[in-house]
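Notes to accompany the following structure.
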Protein chains: 2
Amino acid sequence: MTTKYNLVKETIKSWIVEGKVAPHQKIMSENELVEHFSVSRHTVRQAIGELVNEGWLYREQGRGTFCAYREHLRRKHTDKMIGIVTTYISDYIFPSIIRGAESFLSSKGYSIILASTNNQIEEEKNCLQTLLGKNIDGLIIEPTRSAMYNSNLDYYLQLEANQIPYVMINATYPQLQPPSLTMDDELGGYIATKHLIDSGHKQIVGLFKTDDLQGVNRMKGFVRAHREHQLPITPSTIISFNTEEKEWKPQQELRELLSAKGSRPTGIVCYNDQIAISLLDVTRELKLRVPEDISMVGYDDSLLAEASEVKLTSIKHPQTIMGEEAAKMLLDIIEGKADRQTLPPVVYKPELVIRKSTQRV
Amino acid sequence: MTTKYNLVKETIKSWIVEGKVAPHQKIMSENELVEHFSVSRHTVRQAIGELVNEGWLYREQGRGTFCAYREHLRRKHTDKMIGIVTTYISDYIFPSIIRGAESFLSSKGYSIILASTNNQIEEEKNCLQTLLGKNIDGLIIEPTRSAMYNSNLDYYLQLEANQIPYVMINATYPQLQPPSLTMDDELGGYIATKHLIDSGHKQIVGLFKTDDLQGVNRMKGFVRAHREHQLPITPSTIISFNTEEKEWKPQQELRELLSAKGSRPTGIVCYNDQIAISLLDVTRELKLRVPEDISMVGYDDSLLAEASEVKLTSIKHPQTIMGEEAAKMLLDIIEGKADRQTLPPVVYKPELVIRKSTQRV
DNA sequence: TACGCCATTTTGTACGTACAAGTTCAAATA
DNA sequence: TATTTGAACTTGTACGTACAAAATGGCGTA
């Protein structure tokens, strides 16, 4: 899908969406675009041709190419539509979050447009661009790779320029300071780790995904718990990974760690339940019993935690409630009941749910 | 106006209008057209490109260019939005179905509007009304209470009047005969029951939700399996319930049945995995072990089946594949590659997945 | 000042080439 | 027999060239 003419097309579309060109304003001539993109005129014409067909531009022979006046750019009447952008749609706790938002919004007569980024910055850009082209009243967004530099900030600023309110859940981009609903992940990581320490564990390994803020914060809590209890943190104590690696790296590193000679860790703190479940395969393979030989704490208290072979001790995530309250907050802003500048961030306190995957040493 | 590409375009259009090429029939290849009109390939592509845009033709890379089936007047402006109406959004297998549709549709540049009916006819009406008010290109619908009289048929006829194509999944309203993707639930119920019969079970109880066609068909299969194996069907052999009762009635009736004096059933066929899981609580309560004391077959092969205490023998449901193929079928209709009148229904064959919840008597 | 002319710029039409990518089907291979 | 390979054909992307047709604006002339 990443052809040259598509690149040209998307770039020009982004100029329109971001307001760099106003309706009826002339854009660069074909020859200038040829220069600008270093492609042939044929390619430029192909890109422009499609944009004309889709109603973004119109051409006049001899005069130039112009930005079309798009009826729905002037947002007079509302379609009562809310966009929801999450990293995933069908996996893990996301269906529950979406359900919370959906049930509230539909009870208020709003429709939901769904989009997912698969935790790819590039896809987040596509989502935002698409949604900016529609007449939506507001957005609920779960940030993509919130711990890394995000090149889509322009689109968020564009949302604000277009007076489209949005709230963020699970994490926020620190540069934006939008209204948000998050967990206190630092405290969650602390509680999970402290639970193991209080149960007598001295060698605990933590596995965290560090390309989003949730993982980074959970790791911070993990470190603080160690500090406060005078437990050392060795290089092998923390295994970090990113989205691409989540299917193999934690498993592989843990396997190496547990099969190494010397003293073996007796406790594991996991980034989330999904990782914890996948690590159960590793412990089974190494003939280590959970929790007799090794204790394990998950995070999010998802369905998986209760449905797995060994029911997981985990940290509760508000899920449906977060979705519902995010929707409520968004509608408050849309209806003028609240002001996005002064709205205090909602922070949910984590709670430990003790099940069968942890025990005293 | 009498340019070369216009001549080519009008000539090809006339072939269609005069019926020299039928819908879905391949027209000359680009090279043949180059020969035929003595023009360059560029000119041919320009002509065909416009005809594709106007909905007269469609192209398939590697196969050729085809005459579109066009009953559509090609609405002026498309927002590239597809509505998805399901009974539930976040529960059970629905996230997987939605993901399949979402990933395909978003790769084709479409957005998704989600709505759920919670299996309430009244809410289905609201959904359809809302969606009819938006400029959507098509709909994927999972019928609500498909086994009962549906008072929203008018809205579906309205969809057809507005030339908004739709496909149905999981079940169809028999009066409408829309393009559909369903499972052979009768066969599924038969296979589930036969599996128990073949394992030596003689007293089998079936629990079915009978306000949707899936449940009714699964029950039919259950009955046929009994007939074909000369097993009697007593009043207590089948427990039926509807959506409102699903939280308590199957559990309560099974509890009564199992605690009654006399011979106890040794096998249970469930409407779906959700019910099966909830019945595990009943058997545990009555101190009956699964599968040692009683075998149990679920349906849909959901995540639950593999994640539960006792891993469930179940019937496979296509889930993501069904979502994806429903989306594909819908786009084919929208683009004129297929027409709703002649499109054959897709019926998935059920498959038995044997796990730990069943064994020989 | 008003008008016509013309060079310049811009999009439109039309030709050409080359290679990539997907489909089909028959021949070769295991 | 079933599977793989590959040639042939189809549409897709991308480069190039040339000239036509429409709009614009500056210049000289009436």
Using a 1.4 angstrom probe on protein heavy atoms only, which residues from region B:81-122 are buried by at least 40 Å² of accessible area when all chains are present rather than their own chain alone? B:Ile89, B:Ser90, B:Pro95, B:Arg99, B:Glu102, B:Ser111, B:Ile112, B:Leu114
Provide the per residue accessible area, probe 1.4 Å, for region A:4-69, rounded to a whole number of square angstrom. 54 Å²
How high is the relative contact order of region A:191-337? Use alpha-carbon pairs under 8 Å, at least six apart in sequence, and give a whole percent. 22 percent
When 1/r is averaged over all different Cα pairs and the result inverted, which Kirkwood radius in Å belongs to region B:185-317? 14.4 Å
Starting from the Cα coordinates of region A:1-160, work out the convex hull volume and express it per residue in Å³. 128 Å³
If you build the Cα gyration tensor of region B:87-141 and take the root of 5 times each eigenvalue, what three semi-axes come out, in whole angstrom, biggest first? 20, 17, 6
So which residues of region B:290-338 lose at least 50 Å² of accessible area, probe 1.4 Å, when you go from the chain by itself to every protein chain present? B:Ala307
For chain B, set up a GNM with springs between Cα atoms under 10 Å and report which of B:Phe37, B:Phe66, B:Phe104 has the largest fluctuation. B:Phe37
Please give the net charge around A:Ile275, taking every other residue with its beta carbon less than 9 angstrom from that of A:Ile275, where Lys and Arg add +1 and Asp and Glu add -1. +1
I'm checking a number: the convex hull volume of the Cα atoms of region A:263-330, normalised per residue, in Å³. What is it? 81 Å³
Leaving out ligands, DNA and RNA, and with a 1.4 Å probe, what % of the accessible surface on chain B is carbon or sulfur? 50 percent
Total accessible surface hidden between A and B, rounded to 100 Å², 1.4 Å probe: 2000 Å²
Looking at chain B as a GNM with Cα springs under 10 Å, which of B:His317, B:His195, B:His36 has the largest mean-square fluctuation? B:His36
Candidates B:Ser236, B:Ser302, B:Ser38, ranked by Gaussian network fluctuation over chain B, Cα under 10 Å, top entry: B:Ser38
Roughly how far apart, in whole Å, are the Cα centres of region A:119-145 and region B:323-344? 28 Å
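What is the Rg over Rh value, at two decimals, for chain B, using alpha-carbon atoms and the Kirkwood definition of Rh?
1.11
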Measure up A:Lys202/A:Lys349; A:Lys311/B:Lys349; B:Lys108/B:Lys246; B:Lys202/B:Lys249 against 32 Å on the Cα-Cα distance and list the ones that go over. A:Lys311/B:Lys349; B:Lys108/B:Lys246
Nearest 5 is fine: what % of DSSP beta bridges in chain B come out antiparallel, could you say? 20 percent
With Cα atoms, 0 to 90° folded angle of helix B:213-228 axis to chain B main axis: 60 degrees
Let me have the 222 nm mean residue ellipticity of chain B computed from DSSP H runs of 4+ only, each contributing -39500 (n - 2.57), with the sum over all residues rounded to the nearest 500. -12500 deg cm²/dmol
Report the antiparallel proportion of the DSSP beta bridges in the protein assembly as shown as a percent, rounded to a multiple of 5. 20 percent
On the Cα set of the protein assembly as shown, report Rg and Dmax in Å, please. 29.0, 93
Computed over chain A: relative contact order in percent, which uses C-alpha pairs under 8 Å that are six or more apart: 17 percent
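Using the eigenvalues of the Cα gyration tensor, what equivalent ellipsoid semi-axes result for region A:127-197 when each is taken as the square root of five times the eigenvalue, whole Å, largest first?
They are 30, 12, 9 Å, listed from largest to smallest.
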Amide H neighbours of B:Ile27 at under 5 Å, excluding residues fewer than 5 places away on the same chain, with H built from the backbone geometry, are B:Thr65, B:Phe66, B:Cys67
Report the rotationally averaged projected area of region A:22-112 based on its alpha-carbon convex hull, in square nanometres. 9.1 nm²
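Please compute the per residue accessible area over region A:185-317 with all protein chains in place, 1.4 Å probe, rounded to a whole number of Å².
42 Å²
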Note: region A:4-69, point scatterers on Cα, Debye, no solvent; log10 I/I(0) at q = 0.13, 0.19 Å⁻¹ equals -0.28, -0.63
Hey, what angle do you get for helix B:41-53 against the long axis of chain B, alpha-carbon based, 0 to 90 degrees rounded to 10? 50 degrees
Could you tell me how many degrees, from 0 to 90 and to the nearest 10, lie between the Cα long axis of helix B:185-198 and the main elongation axis, the longest principal axis, of the Cα atoms of chain B? 30 degrees
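The values are calculated or read from the model by the stated rules, or taken from the named source; none is laboratory data. Since the structure is predicted, the reported quantities are computational estimates derived from the model, not experimental observations. Note that each Cβ is placed from the backbone with ideal geometry, even for glycine, and that neighbours are counted across all protein chains shown. Ligands, DNA and RNA are excluded from the accessible area calculation, which covers all protein heavy atoms including side chains. Shrake-Rupley method; radii C 1.70, N 1.55, O 1.52, S 1.80 Å.
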